[in-house]
Amino acid sequence: MKNPDFIAVDWGSTAFRAWAMTLDGAVLEAKSTEDGLKSITNRDFEAVIRRSCGDWLSANPQVPIVLCGMVGSRTGWAEAPYVDCPVLPAGLAEQAIHMTMDGHRLAILPGACTRNAHGDLDVMRGEELQLLGLVQTAGLSDAVICIPGTHCKWARLHDGALAEFRTFVTGELFQLLRNQSLLGALADGDAYDAAAFRRGVTRGADYPLSHAVFAARANTLGGTLTPTALSSYLSGILIGAEIAAQTIPDGAEVVLLASGVLADRYAAALEFRGIPSRLIDAKDATRAGLLLAAQQLWFQDVPA
């Protein structure tokens, strides 16, 4: 394998992903493990990197390492600050936490922060790299982007910068309601029911959320919703309410930075609401964002 120019790491609470990369964005090799932050004992973060990336480090004793994600949180390796929107790669690089490990330069990137008119904060850590990476991988400079997940992010790119974003705890609410509530107790499995999901999307968009979700229990008790359809109906309510809360310009598409079941659900809900969307792979965007950060950190004087 060719020696990497840098090592890129996306380190979250439950997973560790690393790529040996060159400055032209090529991935020489990739590693993925379950060594998320929750699994680390005695704060031995260095052991995870040595175990997963030791051969890359040995091949190039000077190779630097750039890290993003929850590794920079208050409970991570070292707390990196939040950078206020609008955010560009240069701003993330300027606020990075610099360390060394076995002679290798190491930088932990900060997260992003935005404030509403009342001064309330919203934060992200890791997704900002994905969003800025889209400028490179998809040629997006102005876009509305949705990143579904436990805590779903809706963001806006403007002139190539992360201009603003909002977080919705839709995934977490679904899990709590489905698994720990009286209405979820009536559900029979989680098989997808497209008609129930669309019905839920409409319900979630048209009524206050705390009222809308109770319909999953009432309709099941009343016999107008089957127990096997309850899970899909509830999912539709939550996603429908989330989409209804967005300001999306007429005719604009929503970029879904997602894959799998969540991508399918959000795409279906957007289509049902008459909003065009397209899917983009999140891993490609993350690597592109880490490349931009590495260039700002260490390689600004290297010819393109």
Item to check | Criterion violated by Thr167 - all others in (1) modelled with pLDDT of 95 or more; (2) in a helix (DSSP H, G or I); (3) under 19 Å from the mean Cα position of the chain (by Cα) satisfied | outcome: (2)
Checklist entry - So which of Leu221, Leu183 is in contact with a helix residue (DSSP H, G or I) (Cβ under 9 Å, 6 or more places away or on another chain), at pLDDT below 95 and among the aliphatic types (A, V, I, L, M)? => result Leu183
Checklist entry - How many residues, within region 236-268, are under 21 Å from Leu183 (Cβ atoms) and over 19 Å from the mean Cα position of the chain (by Cα)? => result 5
Checklist outcome for this item: Given the conditions (1) within 16 Å of Val261 (Cβ to Cβ); (2) assigned to a helix (DSSP H, G or I), every one holds for Ala191 apart from (2)
Next on the checklist: Out of Ala258, Ala244, I need the residue that is under 16 Å from Ile145 (Cα atoms), among the small types (Gly, Ala, Ser), surrounded by fewer than 24 Cβ atoms within 10 Å (Cβ to Cβ) and modelled with pLDDT under 95. Which one?
Outcome noted: Ala258
Item to check | Any pair with Cβ under 6 angstrom, 6 or more apart, that starts in region 174-199 at a residue that is of a type in the set (Lys, Arg) and ends at one that is surrounded by 12 or more Cβ atoms within 10 Å (Cβ to Cβ) | outcome: Arg178/Gly184; Arg198/Phe272
Checklist entry - So how many residues does region 95-144 have that are of a type in the set (Lys, Arg) and at positive phi? => result 0
Checklist entry - What number of residues within region 1-30 satisfy the criterion of being part of a loop (DSSP other than H, G, I, E, B) and either buried (at least 16 other Cβ atoms within 10 Å of the Cβ) or under 21 Å from the mean Cα position of the chain (by Cα) (or both)? => result 8
Checklist entry - Is at least one residue of region 114-132 surrounded by 14 or more Cβ atoms within 10 Å (Cβ to Cβ), among the small types (Gly, Ala, Ser), under 17 Å from the mean Cα position of the chain (by Cα) and within 23 Å of Phe6 (Cα to Cα)? => result yes
Checklist entry - Can you spot a residue in region 145-158 that is part of a helix (DSSP H, G or I) and either on the phi > 0 side of the Ramachandran plot or not aromatic (Phe, Trp, Tyr) (or both)? => result no
Next on the checklist: So His98 passes all but one of these: (1) surrounded by 15 or more Cβ atoms within 10 Å (Cβ to Cβ); (2) over 18 Å from the mean Cα position of the chain (by Cα); (3) not in a loop (DSSP other than H, G, I, E, B). Which condition number does it fail?
Outcome noted: (1)
Checklist entry - Only one of (1) of a type outside the set (Lys, Arg); (2) touching a residue at least 12 places away in the same chain (Cβ under 8 Å); (3) not assigned by TED's automatic domain parsing to the domain that holds Trp11 is not met by Gly289, so which one is it? => result (3)
Item to check | Residue satisfying condition, being surrounded by fewer than 18 Cβ atoms within 10 Å (Cβ to Cβ), within 27 Å of Phe299 (Cβ to Cβ) and without any contact (Cβ under 8 Å) to a residue 40 or more places away in the chain, within set Ala47, Ala78 | outcome: Ala78
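The values are calculated or read from the model by the stated rules, or taken from the named source; none is laboratory data. Model, not experiment: these values are computed from the prediction. Here the Cβ is made from the backbone with ideal geometry for all residues, glycine too, and neighbour counts use every protein chain on show.
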